[in-house]
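One structure below.
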Amino acid sequence: MAEKLTAVKGMNDILPPDSARWEWFEDTVRSVMAQYSYRNIRTPIVEPTALFVRGTGETTDIVEKEMYSFEDRLNGEQLTLRPENTPGVVRAAIEHNLTYEGGKRLYYMGPMFRHERPQRGRYRQFYQLGAEALGFGGPELDAELMVMVHQLFARLGLNQVRVELNSLGVPAERQAHRAALIAYFEQHLDHLDEDSKRRLQTNPLRILDTKNPVMQPLVEGAPQLLSFLGEASLKHLDTVKALLNACGVVWRINPRLVRGLDYYSHTVFEFITDELGAQGTLCGGGRYDGLFEILGGKPTPAVGWGMGMERVLELVKTQSLGGAALVPDAYAVVPDTASLPVVMRVLQDLRRAGVKVQMHASPSGDGMGSMKAQFKKADGSGAKYALIFGADELAQGQVAVKPLRGDASQAAQTLLPMAQTHALAAQLLA
């Protein structure tokens, strides 16, 4: 016997019935995106490694430790499985000149890859939903994107998710804050861990995002970026807050919410739950007005967010919300193979009328099996009705309809003409 092969650790199969919850989530996303006039964009899973070195940040953990990178054996090109998708969307916008005629509202869903230790809500292949508004510089788009996430979570039925908000200002304000941070942490070198000492000169903002509990008191005492914001940056933030208030989105300022890359500016935000432990950040976003230039494009304002789909679905499951397994409306019981041409024609007519029908199939290829076994399968399918295509019924051009659920399951089966597809469909969908 050949060796049994299994999936790569941290890269998971999504099987029924869990896949039904994914379909429900994806359908909800598409509906919400349409309401806000965001259009779908699909970019390659493999991109040039340089795209993420420049677009994600050379000193980030993602680039330093987590990317799946390799050399193309045909031409020596350095390639990477995408660890996130904002750089890919911006690359596509530049390459295809998407904002030439004005701003674009875009969204994507798809797999991303990071080589890290798999844990709950954090996998090596994970799925990300994202929305990007390209070519819009006003605070109303910052607010719109946050309102959209709020609306999506409401549609999913999620609760106990809080919104944290901050402003990164503009480059000159961040440089002043950076200098103050370096001076502050240099006074406390003995209290810095090795990662923080390494980041002190290259990316001191990332020290504020440390997960080391020993360093939390030191971080709490560090200078806050909000203290360095000028009038225009404060006005941008105040407008975002006012628009969120007008739309009923509850938020709070988190002065430690930062991004360690220079192309970010103004608004940053996160949607957080306490029900998933360490993986509680469901969605993170912000304004990245400088990214287009870094990737070789013209100066273009942009703002967006990314959402971990596994984490959201884990919260859906934790809160016992929607996405129940998809079940057929009816299950077709087929006593013998001779009747299959008629049965399949009738079932196709029903499907065209909007009925979900599962047909019994031969388990071994040598017959349809006993009626008892077929009714057991019908009951297990979750269908509301069994359609019975017996010899007597077929001779009369009829099909027997047997209720399978609740009190109705005790009722006798009824006979309906197969030719009257719409009448039959109406009963099955009632």
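Residue-by-condition table, conditions (1) closer than 29 Å to LEU51 by Cβ; (2) more than 21 Å from the chain's Cα centre (by Cα); (3) in a strand (DSSP E or B):
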residue	(1), (2), (3)
LEU261	yes, yes, no
ILE272	yes, no, yes
THR300	yes, yes, no
GLU310	yes, no, no
LEU313	yes, no, no
LEU326	no, no, no
PRO335	no, yes, no
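Yes or no: GLY130 crowded, with 17+ Cβ neighbours inside 10 Å, modelled with pLDDT of 95 or more, touching a strand residue (DSSP E or B) at 6+ places or on another chain (Cβ under 7 Å) and under 23 Å from GLU275 (Cα atoms)? Judged against the criteria, GLY130 is a match. The residue list LYS402, LYS377, LYS372, LYS356 contains one member that is among the basic types (Lys, Arg), surrounded by fewer than 12 Cβ atoms within 10 Å (Cβ to Cβ) and either at pLDDT 90 or above or more than 25 Å from ALA426 (Cβ to Cβ) (or both), which is LYS372. The lone criterion from (1) more than 26 Å from VAL316 (Cα to Cα); (2) surrounded by 11 or more Cβ atoms within 10 Å (Cβ to Cβ); (3) among the hydrophobic types (A, V, I, L, M, F, W, C) left unmet by MET109 is number (1). The residues listed here are GLY308, GLY304, GLY290, GLY285; of these, the one that is of a type in the set (Gly, Ala, Ser), touching a residue at least 24 places away in the same chain (Cβ under 8 Å), within 19 Å of TRP24 (Cα to Cα) and buried (at least 18 other Cβ atoms within 10 Å of the Cβ) is GLY308. Where residues in region 52-79 are touching a residue at least 24 places away in the same chain (Cβ under 8 Å) and among the hydroxyl-bearing types (Ser, Thr, Tyr), which of them is surrounded by the most Cβ atoms within 10 Å (Cβ to Cβ)? In this case the residue turns out to be THR56. The residue of region 1-49 that is nearest to the chain's Cα centre (by Cα), among those that are among the hydroxyl-bearing types (Ser, Thr, Tyr), crowded, with 16+ Cβ neighbours inside 10 Å and part of a helix (DSSP H, G or I), is THR28. Taken as a whole, the condition of being of a type in the set (Gly, Ala, Ser), in a loop (DSSP other than H, G, I, E, B) and within 21 Å of ASP392 (Cβ to Cβ) applies to GLY367. You will find that of ILE207, ILE253, ILE182, the residue that is assigned by TED's automatic domain parsing to the domain that holds LEU141 and among the β-branched types (Val, Ile, Thr) is ILE253 and no other. Cβ-Cβ contacts under 7 Å between residues 6 or more apart (or on different chains), taken from a first residue in region 316-345 that is closer than 30 Å to GLY121 by Cβ to a second residue that is of a type in the set (Ser, Thr, Tyr) and modelled with pLDDT of 85 or more, are listed as VAL327/SER381. Annotation: of all residues in region 383-395 being closer than 18 Å to GLN427 by Cβ and either at pLDDT 90 or above or among the hydrophobic types (A, V, I, L, M, F, W, C) (or both), the one that is surrounded by the fewest Cβ atoms within 10 Å (Cβ to Cβ) is LYS384. If we scan region 417-427, do we find a residue that is under 16 Å from THR337 (Cβ atoms), out of contact with any strand residue (DSSP E or B) (no Cβ under 6 Å at 6 or more places or on another chain) and assigned by TED's automatic domain parsing to the domain that holds PRO335? Scanning region 417-427, I find no residue that is under 16 Å from THR337 (Cβ atoms), out of contact with any strand residue (DSSP E or B) (no Cβ under 6 Å at 6 or more places or on another chain) and assigned by TED's automatic domain parsing to the domain that holds PRO335, so the answer is no.
The values are calculated or read from the model by the stated rules, or taken from the named source; none is laboratory data. Everything quoted here is computed from the prediction, not taken from an experiment. Counting neighbours? That spans all protein chains shown, and the Cβs are built from the backbone with ideal geometry, glycine included.
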